[in-house]
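Below you'll find the structure, written out as structure tokens, and then a few comments.
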Amino acid sequence: MALIAQAGPSYCARTETTCCTTGHSVVFSTASNLDTFKMKEKCSSFPSLSFSSTKNGQILHMDSTIGRMNRLFVAASPPTEDAVIAAEPLTKEDLVAYLASGCKPKEKWRIGTEHEKFGFEFGTLLPMKYEQIAHLLNGIAERFDWEKIMEGDNIIGLKQGKQNISLEPGGQFELSGAPLETLHQTCAEVNSHLYQVKAVAEEMGIGFLGIGFQPKWGLKDIPVMPKGRYNIMRNYMPKVGSLGLDMMFRTCTVQVNLDFSSEADMIRKFRAGLALQPIATALFANSPFTEGRPNGYLSMRSQIWTDTDNNRAGMLPFVFDDSFGFEQYVDYALDVPMYFVYRKRKYMDCTGMSFRDFMAGKLPCLPGELPTLNDWENHLTTIFPEVRLKRYLEMRGADGGPWRRLCALPAFWVGVLYDEVSLQNVLDMTADWTKEEREMLRNKVPKTGLKTAFRDGLLRHVAQNVVKLAKDGLERRGYKESGFLNEVAEVVRTGVTPAEKLLELYDGKWCQSVDPVFEELLY
């Protein structure tokens, strides 16, 4: 759930870029660092964006002087301390332009990988307490020169360059990696992170588990992190679904963040990502245990998202509409209920109200106040579909797993989405999949994985083709990255998911105990 900052300039001004709506001036301000990017908030005389219609959509044109201001930044987590008062109200066009500002040419595309893991005490297997986490964060900061991120008097994360370490609600430890050019760099980043974490944690008797759902402990056993946004979410979740607290406190994921060159490119990648997300869920299914026993699922983490908060999760069928683009995603996000607004270093509960209400000055918690782009950016982080759009696309369907699979997930998605031939093959393959079929796969895969029946065969057969396309795409990239797919190649070859291997061990070698999983999947 943390936010990755994209490196390099934004190039939505390119003439082939398709962005949205018509005829509004949008004003940009530049910033010198990640925490001070604002749009329309301190500026008075900047070039305008103009829009013209074409048969295939609307094309964005910028005055040539916009090149002087082509660096746009996303704020780091946590939010900036205080919002700047907007000189004039935000418009929907500003929100559209914010998303469109993520467009960049192919040579600027990068790979951002985020992964979460469960910390536990070696002696008891109990989850880390916040006091232990604080000691761990302080130790990493002091030993490896990370900047501390504080909320009040509590350390809640670390920052070093474009990397962030953050805490999920139940103390899940997350690395939000830097935007990197190759999978070799991604894997090196993961190695470096795990070395640093283990160097401090092992001295404390702490280990880390790579799995998608807490296998042993109940909700009552999970510590609550001292982060204001999570208190708001914890109170709100039971009102909108039966499994939201499980999502917050007992799940771990790995996700990949990828770039797009234009609105048209974003649409193609968004559709391919959504269609294939159940395949990724199956390939990386790794959460078959709940409170010490098999739970009947291969990916309990994925199943939990089906009843967490359906106003902000799911497969987003409107992405496949002919009219879809940046503007339609903004319309969707405007009506997703808010969680909070961040003011004066505090999170203010705005649950149930929409960002559309906020733009009209109708938030009860901030009567008459209007949002800033920081508020919009923060709101986008509280939307949780299977693929999420910010100024890049997030692939969100995979369970957390051990080290060897942390490099396989970005390899899978990069091979499919960053190679034009493979991407087009995927789009052709999935073009006639119906909304009902996509939903069926989303709903059945958490339980049956690659054995899910699909048309005249099994999902495994589709997955075999997709993994082959990913391998071909990586080979065409020319960085010798296809070896990172070995883990998923083995899964489709055998048809046995990681979760099924764990269940086999549980029923055999482990004598129906989940405790050995803490050693089996130890980082």
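The values are calculated or read from the model by the stated rules, or taken from the named source; none is laboratory data. Values in this document were obtained by computation on a predicted structure and should not be read as measured data. Glycine gets a Cβ as well: all are built from the backbone with ideal geometry, and neighbour counts include every protein chain shown. We work out accessible area using only protein heavy atoms, side chains counted, and drop any ligands, DNA or RNA first. Shrake-Rupley method; radii C 1.70, N 1.55, O 1.52, S 1.80 Å.
Could you say whether any residue in the range 233-245 is within 29 Å of Pro410 (Cα to Cα), touching a strand residue (DSSP E or B) at 6+ places or on another chain (Cβ under 9 Å) and open to solvent by 10 Å² or more (accessible area, probe 1.4 Å)?
No - not one qualifying residue is present in the range 233-245.
Here is a yes/no grid of residues against (1) modelled with pLDDT under 95; (2) among the hydrophobic types (A, V, I, L, M, F, W, C); (3) farther than 20 Å from Ala411 by Cβ:
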{"position": "Glu439", "(1), (2), (3)": "no, no, yes"}
{"position": "Asn443", "(1), (2), (3)": "no, no, yes"}
{"position": "Lys447", "(1), (2), (3)": "no, no, yes"}
{"position": "Ala453", "(1), (2), (3)": "no, yes, yes"}
{"position": "Leu474", "(1), (2), (3)": "no, yes, no"}
{"position": "Val514", "(1), (2), (3)": "no, yes, yes"}
{"position": "Val517", "(1), (2), (3)": "no, yes, yes"}
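What single numbered condition from (1) open to solvent by less than 10 Å² (accessible area, probe 1.4 Å); (2) within 17 Å of the chain's Cα centre (by Cα) fails to hold for Thr253?
Of (1) open to solvent by less than 10 Å² (accessible area, probe 1.4 Å); (2) within 17 Å of the chain's Cα centre (by Cα), only one is false for Thr253: (1).
Across the range 466-523, what is the total count of residues that are without any contact (Cβ under 8 Å) to a residue 12 or more places away in the chain and of a type in the set (Phe, Trp, Tyr)?
1
May I ask you to say which residue of Ile140, Ile133, Ile165, Ile149 is under 16 Å from Val224 (Cβ atoms) and of a type in the set (Val, Ile, Thr)?
So the residue among Ile140, Ile133, Ile165, Ile149 that is under 16 Å from Val224 (Cβ atoms) and of a type in the set (Val, Ile, Thr) is Ile133.
If Leu180 satisfies all but one of (1) open to solvent by 10 Å² or more (accessible area, probe 1.4 Å); (2) touching a helix residue (DSSP H, G or I) at 6+ places or on another chain (Cβ under 9 Å); (3) under 15 Å from Pro223 (Cβ atoms); (4) not β-branched (Val, Ile, Thr), what's the number of the condition it fails?
Tallying (1) open to solvent by 10 Å² or more (accessible area, probe 1.4 Å); (2) touching a helix residue (DSSP H, G or I) at 6+ places or on another chain (Cβ under 9 Å); (3) under 15 Å from Pro223 (Cβ atoms); (4) not β-branched (Val, Ile, Thr), Leu180 fails exactly one: (3).
Of all helices (runs of 4 or more DSSP H) completely enclosed by the range 371-419, which ones contain at least 1 residues that are under 30 Å from Lys501 (Cβ atoms) and at pLDDT 95 or above?
403-406, 408-417
Those residues that are of a type in the set (Asp, Glu) and assigned to a helix (DSSP H, G or I), I need them from the range 180-200; list them, please.
Residue satisfying the conditions is Glu189 alone.
Filter the range 249-294 down to the residues that are touching a Phe, Trp or Tyr at 6+ places or on another chain (Cβ under 7 Å), part of a helix (DSSP H, G or I) and either within 30 Å of Ile232 (Cα to Cα) or free of Cβ contacts under 8 Å to residues at least 40 places away in the same chain (or both) and list them by number.
Within the range 249-294, just Arg250 meets the criteria.
Does Ala282 qualify as being hydrophobic (A, V, I, L, M, F, W, C), over 30 Å from Pro226 (Cβ atoms) and over 21 Å from the mean Cα position of the chain (by Cα)?
Taking the combined requirement at face value, the residue does not satisfy it.
Scan the range 488-496 and give yes if some residue there is surrounded by fewer than 17 Cβ atoms within 10 Å (Cβ to Cβ), under 24 Å from Phe320 (Cα atoms) and acidic (Asp, Glu), otherwise no.
Looking through the range 488-496, none of the residues is surrounded by fewer than 17 Cβ atoms within 10 Å (Cβ to Cβ), under 24 Å from Phe320 (Cα atoms) and acidic (Asp, Glu).
If only one of Lys471, Lys444, Lys435 is of a type outside the set (Val, Ile, Thr) and closer than 24 Å to Gly210 by Cβ, which one is it?
None of the other options fit; the residue is Lys471.
Going residue by residue through the range 339-361, is there one that turns out to be under 18 Å from the mean Cα position of the chain (by Cα), closer than 23 Å to Lys239 by Cα and open to solvent by less than 40 Å² (accessible area, probe 1.4 Å)?
There is at least one residue in the range 339-361 that is under 18 Å from the mean Cα position of the chain (by Cα), closer than 23 Å to Lys239 by Cα and open to solvent by less than 40 Å² (accessible area, probe 1.4 Å).
Please state which of the following conditions Arg110 fails to meet, knowing it meets all the rest: (1) of a type in the set (Lys, Arg); (2) touching an Asp or Glu at 6+ places or on another chain (Cβ under 9 Å); (3) surrounded by fewer than 16 Cβ atoms within 10 Å (Cβ to Cβ).
(3)
In the range 431-442, what residues are without any contact (Cβ under 8 Å) to a residue 40 or more places away in the chain and in a helix (DSSP H, G or I)?
Correct list: Glu436, Glu437, Met440.
Quick one: count up the residues across the range 261-295 that are closer than 23 Å to Asp321 by Cα, touching a Pro at 6+ places or on another chain (Cβ under 9 Å) and open to solvent by 10 Å² or more (accessible area, probe 1.4 Å).
1
Picking from Val445, Val466, which residue would you name as being part of a helix (DSSP H, G or I), touching a strand residue (DSSP E or B) at 6+ places or on another chain (Cβ under 8 Å) and of a type in the set (A, V, I, L, M)?
Val445
In contact with an Asp or Glu (Cβ under 7 Å, 6 or more places away or on another chain) and buried (at least 24 other Cβ atoms within 10 Å of the Cβ): which single residue out of Ala398, Ala408 fits that description?
Being in contact with an Asp or Glu (Cβ under 7 Å, 6 or more places away or on another chain) and buried (at least 24 other Cβ atoms within 10 Å of the Cβ) holds for just one of Ala398, Ala408, which is Ala408.
Regarding the range 460-481, can at least one residue be identified that is in contact with a Lys or Arg (Cβ under 8 Å, 6 or more places away or on another chain) and open to solvent by less than 10 Å² (accessible area, probe 1.4 Å)?
No: the range 460-481 contains no residue that is in contact with a Lys or Arg (Cβ under 8 Å, 6 or more places away or on another chain) and open to solvent by less than 10 Å² (accessible area, probe 1.4 Å).
Kindly indicate whether any position in the range 298-309 is over 20 Å from the mean Cα position of the chain (by Cα) and either among the β-branched types (Val, Ile, Thr) or modelled with pLDDT of 95 or more (or both).
yes
Going residue by residue through the range 201-220, is there one that turns out to be open to solvent by less than 30 Å² (accessible area, probe 1.4 Å), of a type in the set (Val, Ile, Thr), farther than 23 Å from Leu283 by Cα and not in a loop (DSSP other than H, G, I, E, B)?
The answer is yes; a qualifying residue exists.
Any residue at all in the range 296-313 that's touching a strand residue (DSSP E or B) at 6+ places or on another chain (Cβ under 8 Å), open to solvent by 20 Å² or more (accessible area, probe 1.4 Å), assigned to a loop (DSSP other than H, G, I, E, B) and farther than 22 Å from Glu116 by Cα?
Yes, the range 296-313 contains at least one residue that is touching a strand residue (DSSP E or B) at 6+ places or on another chain (Cβ under 8 Å), open to solvent by 20 Å² or more (accessible area, probe 1.4 Å), assigned to a loop (DSSP other than H, G, I, E, B) and farther than 22 Å from Glu116 by Cα.
What about Val445, is it among the aliphatic types (A, V, I, L, M) and within 22 Å of the chain's Cα centre (by Cα)?
In short, yes.
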